[in-house]
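Here is the structure we will look at.
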Amino acid sequence: MAAPMEVALVSDAAGPLCNCSVWELHSGSALPGYRGGNSGPRGLALLGGEHLLGAQLGKSYINVWELQRKDQLQQKIICPGPVTCLTASPNGLYVLAGVAESIYLWEVSNGNLLAILNRHYQDLTCLCFTDDSSHFLSGAKDCLALVWNLYNVLQAEPSQIPDPRHVWSRHSLPITDLCCGFGGPLARAATASLDQTAKLWEISSGELLLSVLFDVGIMAVTLDLSEYHMFCGGMDGSIFQVDLCAWPVQRDRTFQTERENGKVFKGHRNQVTCLSVSTDGSLLLSGSHDETVRLWDIQSKQCLKTMNHKGPVTNAFIVLAPANMFNPDGKPSVPLPKFSRHLHGTESSDEPGAEGVTLRLGLHQQEPGQSYLEKAERMYSQMYSTREKNLVGDQEHLTIQVSELEEEVSNLRKINKDLFDFSTRIITKPAK
């Protein structure tokens, strides 16, 4: 059985014909690319190994291709504003997009917009999922990185905004990139910022594990699969390799370029915008605003290949090529539905073609379109009607009670009259 092929997916800001170019990683041979539009920074994502998503640069929609049909867009997902970042869950069930300071969450099976999260104060810059799709991270220009539990987001009522699991506020300038390691909720995550630091966090506890200070702002960050090294791309074009297993262990560290010159990749002439490591950990892919993509040998720090582009590189990452990418006769296992522009469960979402099966965790027993308050009111009305029926059904008992009460009222009236007459006689009796 042949080994899986690794390919590099690359997009730039000025490609006149090709949105996303594809080339085989080890041989360097160019493969047919995807045509139509330009994808913005952090705006390119694979969906379920069957579709490619690209957030159109400066526009309010997301381009969608079937992997085997590179020359034809399947559809456009209309968004309420320009998409600043985009990602898809590894299990292929959900799509996340950043629009201004809001996070939009779609369900792929039916296209429903499940949630709009508004916990950032400025524009989103990056989004990423954990490898098991249980959590996702968001970074923005407000210097905050948030960790979200997907289950809690799906369980929340449409009128409520769930709280993030962790709020990481140790950066002092905008977040530029995020990266998640392996391990699901036990994984480690790296954040990069213009404040010249890259930080390593533990998702389960939210604890800061490592903070590295550099001489320049950091625009991109990634981890190798073994998580022995963290790679950081600087604004000056340098790429720094940080050893995560260095001894002695220090939470706050300063990367001194002159002392650690053997751990710097030099070649780019402008800021590094994206980084990705091959599966075996031997190769590093980098994209830059100098309009080049470079492939590096990590051990020797030598540049093995340089690919020139027409504009600043906005996305560059390594993936194992899905089977559909090279099978012209292949088709997606499930057709991609039309994605909704309105939040699921609101009046505006009742549009043609919006029907489908909704898989919302924690709400599987809830009737369609019915909130918990409506459900409680319905149960209360049923209880009240049952009680009323019981009272009406016991008519004979009620009649007896009424007769007894009427007789008692009559006796009280007679006693009251006798007391009144007695008082009147006493008061009106003439004095002797």
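Report yes if some residue within segment 146-163 is open to solvent by less than 20 Å² (accessible area, probe 1.4 Å) and more than 18 Å from the chain's Cα centre (by Cα); otherwise report no. No: zero hits. Across segment 300-336, the number of residues qualifying as part of a strand (DSSP E or B) and either among the aliphatic types (A, V, I, L, M) or farther than 25 Å from residue 237 by Cβ (or both) comes to 7. Give me the pairs: first residue in segment 324-341 and within 23 Å of residue 32 (Cβ to Cβ), second residue among the charged types (D, E, K, R) and open to solvent by 30 Å² or more (accessible area, probe 1.4 Å), beta-carbon distance under 7 Å, and six or more apart or on different chains, which are they? Final answer for the pair search is 324/50; 332/50; 333/50. Within segment 42-62, is even one residue out of contact with any Gly (no Cβ under 9 Å at 6 or more places or on another chain), part of a loop (DSSP other than H, G, I, E, B) and open to solvent by 20 Å² or more (accessible area, probe 1.4 Å)? No - not one qualifying residue is present in segment 42-62.
Take residue 130 and decide whether it is open to solvent by 30 Å² or more (accessible area, probe 1.4 Å), within 20 Å of residue 222 (Cβ to Cβ) and either in contact (Cβ under 8 Å) with a residue 12 or more places away in the chain or touching a Cys at 6+ places or on another chain (Cβ under 6 Å) (or both). Outline the logic, then answer.
Details: open to solvent by 30 Å² or more (accessible area, probe 1.4 Å): no; within 20 Å of residue 222 (Cβ to Cβ): yes; either in contact (Cβ under 8 Å) with a residue 12 or more places away in the chain or touching a Cys at 6+ places or on another chain (Cβ under 6 Å) (or both): yes.
Against the criterion (open to solvent by 30 Å² or more (accessible area, probe 1.4 Å), within 20 Å of residue 222 (Cβ to Cβ) and either in contact (Cβ under 8 Å) with a residue 12 or more places away in the chain or touching a Cys at 6+ places or on another chain (Cβ under 6 Å) (or both)), residue 130 does not qualify.
Each residue in segment 1-19 was checked for being part of a loop (DSSP other than H, G, I, E, B) and either at pLDDT 90 or above or among the hydrophobic types (A, V, I, L, M, F, W, C) (or both), and 7 of them qualify. Residue count for segment 257-275 under the criterion of being among the polar types (S, T, N, Q), closer than 22 Å to residue 191 by Cα and over 35 Å from the mean Cα position of the chain (by Cα): the result is 1.
Of all the criteria given as (1) part of a loop (DSSP other than H, G, I, E, B); (2) surrounded by 14 or more Cβ atoms within 10 Å (Cβ to Cβ), the one not satisfied by residue 253 is (1). Total residues in segment 16-31 satisfying the condition of being open to solvent by 10 Å² or more (accessible area, probe 1.4 Å) and closer than 19 Å to residue 311 by Cα: the figure is 5. Taken as a whole, the condition of being at pLDDT 95 or above and surrounded by fewer than 20 Cβ atoms within 10 Å (Cβ to Cβ) applies to residue 102.
Residues in segment 207-226 that are open to solvent by 20 Å² or more (accessible area, probe 1.4 Å) and part of a loop (DSSP other than H, G, I, E, B): 5 in all. Just one of the listed residues (13, 30) is farther than 20 Å from residue 327 by Cα and in contact with a strand residue (DSSP E or B) (Cβ under 8 Å, 6 or more places away or on another chain), and it is 13.
Would you be able to tell me the number of residues in segment 288-299 that are out of contact with any Gly (no Cβ under 7 Å at 6 or more places or on another chain), closer than 21 Å to residue 261 by Cα and outside any loop (DSSP other than H, G, I, E, B)? The number of residues fulfilling the criteria is 3. How about segment 166-204: which of its residues are buried (at least 18 other Cβ atoms within 10 Å of the Cβ) and either part of a loop (DSSP other than H, G, I, E, B) or in contact with a helix residue (DSSP H, G or I) (Cβ under 6 Å, 6 or more places away or on another chain) (or both)? If the condition is that a residue be buried (at least 18 other Cβ atoms within 10 Å of the Cβ) and either part of a loop (DSSP other than H, G, I, E, B) or in contact with a helix residue (DSSP H, G or I) (Cβ under 6 Å, 6 or more places away or on another chain) (or both), then 171, 174, 181, 187, 194, 195, 196, 203 are the ones that fit. Test residue 385 against the stated conditions and say whether it is out of contact with any His (no Cβ under 9 Å at 6 or more places or on another chain) and modelled with pLDDT of 75 or more. No. Just to be sure I understand the filter: pairs with C-beta atoms under 8 Å, separated by 6 or more residues or on different chains, first member in segment 46-65 and on the phi > 0 side of the Ramachandran plot, second member assigned to a strand (DSSP E or B). Which pairs pass? Partner pairs satisfying both residue conditions: 48/88; 58/40. Take residue 109 and tell me if it is touching a helix residue (DSSP H, G or I) at 6+ places or on another chain (Cβ under 6 Å) and open to solvent by 10 Å² or more (accessible area, probe 1.4 Å). Considered against the rule, which asks whether it is touching a helix residue (DSSP H, G or I) at 6+ places or on another chain (Cβ under 6 Å) and open to solvent by 10 Å² or more (accessible area, probe 1.4 Å), residue 109 comes out as no. Reported count of residues in segment 272-293, each being open to solvent by 10 Å² or more (accessible area, probe 1.4 Å), closer than 9 Å to residue 312 by Cβ and touching a residue at least 40 places away in the same chain (Cβ under 8 Å), is 3. On the given criteria, is residue 22 of a type outside the set (Ser, Thr, Tyr), assigned to a strand (DSSP E or B) and closer than 30 Å to residue 297 by Cβ? So residue 22 passes the test. For residue 67, the criteria (1) open to solvent by 10 Å² or more (accessible area, probe 1.4 Å); (2) touching a helix residue (DSSP H, G or I) at 6+ places or on another chain (Cβ under 9 Å) hold in every case but one, which is (1).
Filter segment 112-124 down to residues that are buried (at least 17 other Cβ atoms within 10 Å of the Cβ) and assigned to a strand (DSSP E or B), then give me how many there are.
We begin by selecting, within segment 112-124, every residue buried (at least 17 other Cβ atoms within 10 Å of the Cβ); these are 112-115, 117, 119-120, 123-124.
Among the residues that remain, those that are also assigned to a strand (DSSP E or B) are: 113-115, 117, 124.
Residues flagged as buried (at least 17 other Cβ atoms within 10 Å of the Cβ) and assigned to a strand (DSSP E or B) within segment 112-124 amount to 5.
For segment 79-99, the condition holds for at least one residue, the condition being that it is open to solvent by 60 Å² or more (accessible area, probe 1.4 Å) and of a type in the set (S, T, N, Q).
The values are calculated or read from the model by the stated rules, or taken from the named source; none is laboratory data. Just so it is clear, the model here is predicted, and its values are computed rather than measured. Neighbour counts are summed over all protein chains in view; Cβ atoms, including those assigned to glycine, are modelled from backbone coordinates with ideal geometry. Keep in mind that these areas ignore ligands, DNA and RNA; they rest on the heavy atoms of the full protein, side chains included. Shrake-Rupley method; radii C 1.70, N 1.55, O 1.52, S 1.80 Å.
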